[in-house]
Number of protein chains: 2
Amino acid sequence: MSKINIDQVARYAFVSRSVVSRVLNNHPHVSDVARERVMNVVRKYNYQRNSAARSLAAKNMREIGILSTRNANDVMSNGFSTLLYLGVFEECLAQRYSVRQMFISTDMKEEFQKFILNEHTLDGVILFAEEVTDLLAAKLMTREIPAVLIGHAPGLSGISSVDVDNFSGSCSAVSHLVRLGHRNIGAMVGSQLLQESQDRLAGYRKALVDAGIAVNEDVIAIGDYTQRSGYDQMMSRLRRHPEVTAWFCASDTMAMGALAALHKSGRRVPGDISIVGFDDLSFARYTIPPLTTIRQPIYQKGRCAARMIIDRISGKKTEVEHRNLKPDLVIRESCGRHAGVL
Amino acid sequence: MSKINIDQVARYAFVSRSVVSRVLNNHPHVSDVARERVMNVVRKYNYQRNSAARSLAAKNMREIGILSTRNANDVMSNGFSTLLYLGVFEECLAQRYSVRQMFISTDMKEEFQKFILNEHTLDGVILFAEEVTDLLAAKLMTREIPAVLIGHAPGLSGISSVDVDNFSGSCSAVSHLVRLGHRNIGAMVGSQLLQESQDRLAGYRKALVDAGIAVNEDVIAIGDYTQRSGYDQMMSRLRRHPEVTAWFCASDTMAMGALAALHKSGRRVPGDISIVGFDDLSFARYTIPPLTTIRQPIYQKGRCAARMIIDRISGKKTEVEHRNLKPDLVIRESCGRHAGVL
DNA sequence: TTGTACGCGTTATCAG
DNA sequence: CTGATAACGCGTACAA
């Protein structure tokens, strides 16, 4: 009883298969009685359309891929990507698309290319993988499959993207520190090869300049968004720059590492040193002390990316578009007034 | 130049389409010269097979679904699920399956059922969603689609599963505490409706009994695996049970919340109170202090689940199977000797 | 070893 | 409003 196809439905309903198809696809020009008869049979036999055949005939898969790097996920693995996936999925579900998940990791690049990109037909791809965009962009272009990027990519202005406004986010984080009286503020950011990191650093600079504070290149530390790098960087900067009373960390993960390093070194947060993070990952309110940070709308990013790619696929939008979501400052307990200001 | 089909390849290579098909599928009985000619054309025109047509003809999609709950992901969102997905994906990639990602969240159950479960044909499903297994099991059964569960489920002995050995894991965690001289050891576990939580609690009991310590039901706290519940539970237990010198937390997330609560209350870890976690999520080595915990092979769980479902699909295995992966104790700094033992 | 012909389940087109 | 009929691209008996 499992497998019943459109022809059987047609037979049982005493109509032709075209009528069944029209009913199922909500086409007009079908009589109420025919529709009724068809629906009865469909319900009775629990008929479900074969998606492979549908795709074949309709020439579209109604399926998008979401591509991450193993690295992005290691780094972001603190609840970031999961929430993002959820956003993508729910938007797709609402629009009757399904999402295929893919990771690209350097050790499987070969496999990946052959299998994923060649043998499979995706209607669109969401790129959550800054590292590989160059490699992929060309491939995607030649196959003419639409893509949207989550994040920014320097050289890829040709493909649509959605991101949080990194510049204004970090700017408001640092301004917060300034308002608390800090003058010596360090920054811990990611690789400057990433546009995102550049923007977050630019925001830091802007906030200082606006406050009339000269930026000191020596207290700009480059990490890689992991807790480990936050820890290591803080450890080594601590003794070299005792004058710094506050650090802007470009991610909550690095901030968490920094917090651990400060604790290990006997510094008090926020008593001796203030820390502000970026992202507002779910753990941020349970660090010691709870982390003041910049909240970015992760779930919304996912939904937005999905909406953009589907609009693109359906032809509703054709020009490339770069969207910037607004972040918020979330004040918790990791920042205090500068001691001298008391 | 984009779309070229098997017939064109055949024409350009001066062979029939069967030959092309056989070459592409590595079937025997094809002459070297024919194979060579075909491959040349394939390369030259960058021919790629249409997966929809393949699925239709072959009557299988070579695609598995991985189903999570929104809840499971909120809770586990500290890098757990991402690593799991990666394991699933890489195993599937190696075996030329693709993976479709799905979430079930209560607010879209309707949509979900209609779209995902009815209209789509998956060869198998990996369930990472304890809450919905009952609802789904029946559906899956009637549609005769194989499923494997990540985790344990009380009533679902009929479907294969893979999990970490929760019992021995928590047992060794608590034994570690006992070895350090602790006699009053509390437990913070998840809902006892979950088999997993039951097992972790059972391991706790076993370790105490083995050590000749009576278990005190009063110091067993029930949380929900979130940092928040760890925090709240610890806050309320702290004053009610000052005699407890060590807590076994059934997840790193709850342990992190507990750590925050202890710090807030002025207790020192491990000076006053020892904490041991479970999972070894990526943040565990950067909590304050770094968390002693039970490491479970998350990535392996994913690969294993994928392997099991594919074996099932291909008919290589037919009987249900329950696998238990071994966990390890990872000693860091959150546990110390009981003061009285000094 | 190769080629022919048909089936897979839908959708779209075009007469009625 | 309805019903043949032709794609859609590939796999595979079966025949040569």
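The values are calculated or read from the model by the stated rules, or taken from the named source; none is laboratory data. Note that the structure is a prediction, hence the values are computed from the model and not measured. No Cβ is skipped: glycine too gets one built from the backbone with ideal geometry, and neighbour counts run over all protein chains shown.
Data overview
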{"item": "Options A:30, A:23: the member that is modelled with pLDDT of 90 or more, at negative phi, more than 10 Å from chain B (Cβ to nearest Cβ) and within 16 Å of DNA strand D (Cβ to nearest atom)", "result": "A:23"}
{"item": "Within region B:36-53, considering residues that are surrounded by 18 or more Cβ atoms within 10 Å (Cβ to Cβ) and assigned to a helix (DSSP H, G or I), the one farthest from DNA strand C (Cβ to nearest atom)", "result": "B:42"}
{"item": "Region A:192-220 residues that are over 12 Å from residue A:152 (Cβ atoms) and aromatic (Phe, Trp, Tyr), paired with ones that are in a helix (DSSP H, G or I) and modelled with pLDDT of 95 or more (beta carbon under 7 Å, 6 or more apart)", "result": "A:204/A:170; A:204/A:174"}
{"item": "Region A:283-307: number of residues that are of a type in the set (A, V, I, L, M, F, W, C) and more than 13 Å from the chain's Cα centre (by Cα)", "result": "5"}
{"item": "Which listed residue, of A:295, A:285, is surrounded by fewer than 21 Cβ atoms within 10 Å (Cβ to Cβ) and within 12 Å of another protein chain (Cβ to nearest Cβ)", "result": "A:285"}
{"item": "Every residue from region B:259-297 that is part of a helix (DSSP H, G or I) and in contact with a Phe, Trp or Tyr (Cβ under 6 Å, 6 or more places away or on another chain)", "result": "B:260, B:261"}
{"item": "Within region A:10-23, tally of residues that are within 12 Å of residue A:35 (Cα to Cα), more than 6 Å from DNA strand C (Cβ to nearest atom) and either among the aromatic types (Phe, Trp, Tyr) or not in a loop (DSSP other than H, G, I, E, B) (or both)", "result": "6"}
{"item": "Region B:24-35, subset in a helix (DSSP H, G or I) and not charged (D, E, K, R), residue farthest from DNA strand C (Cβ to nearest atom)", "result": "B:24"}
{"item": "Residues located in region A:207-234, provided they are within 14 Å of chain B (Cβ to nearest Cβ) and in a helix (DSSP H, G or I)", "result": "A:227, A:228, A:229, A:230, A:231, A:232, A:233, A:234"}
{"item": "So residue B:165, is it crowded, with 24+ Cβ neighbours inside 10 Å, in contact with a Leu (Cβ under 9 Å, 6 or more places away or on another chain) and either of a type outside the set (Phe, Trp, Tyr) or farther than 25 Å from residue A:263 by Cβ (or both)", "result": "no"}
{"item": "Residue count for region B:298-307, restricted to those that are away from chain A (no Cβ under 12 Å) and either surrounded by fewer than 24 Cβ atoms within 10 Å (Cβ to Cβ) or within 16 Å of residue A:263 (Cβ to Cβ) (or both)", "result": "5"}
{"item": "Residue count, region B:252-282 (criterion: under 22 Å from the mean Cα position of the chain (by Cα), within 12 Å of chain A (Cβ to nearest Cβ) and among the charged types (D, E, K, R))", "result": "1"}
{"item": "Which numbered condition residue B:249 misses (of (1) under 30 Å from the mean Cα position of the chain (by Cα); (2) more than 13 Å from residue B:219 (Cβ to Cβ))", "result": "(2)"}
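Let's see how each residue does on (1) within 16 Å of DNA strand D (Cβ to nearest atom); (2) modelled with pLDDT of 85 or more; (3) among the β-branched types (Val, Ile, Thr):
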{"residue": "A:61", "(1), (2), (3)": "yes, no, no"}
{"residue": "A:71", "(1), (2), (3)": "no, no, no"}
{"residue": "A:74", "(1), (2), (3)": "no, no, no"}
{"residue": "A:88", "(1), (2), (3)": "no, yes, yes"}
{"residue": "A:100", "(1), (2), (3)": "no, yes, no"}
{"residue": "A:105", "(1), (2), (3)": "no, no, no"}
{"residue": "A:110", "(1), (2), (3)": "no, no, no"}
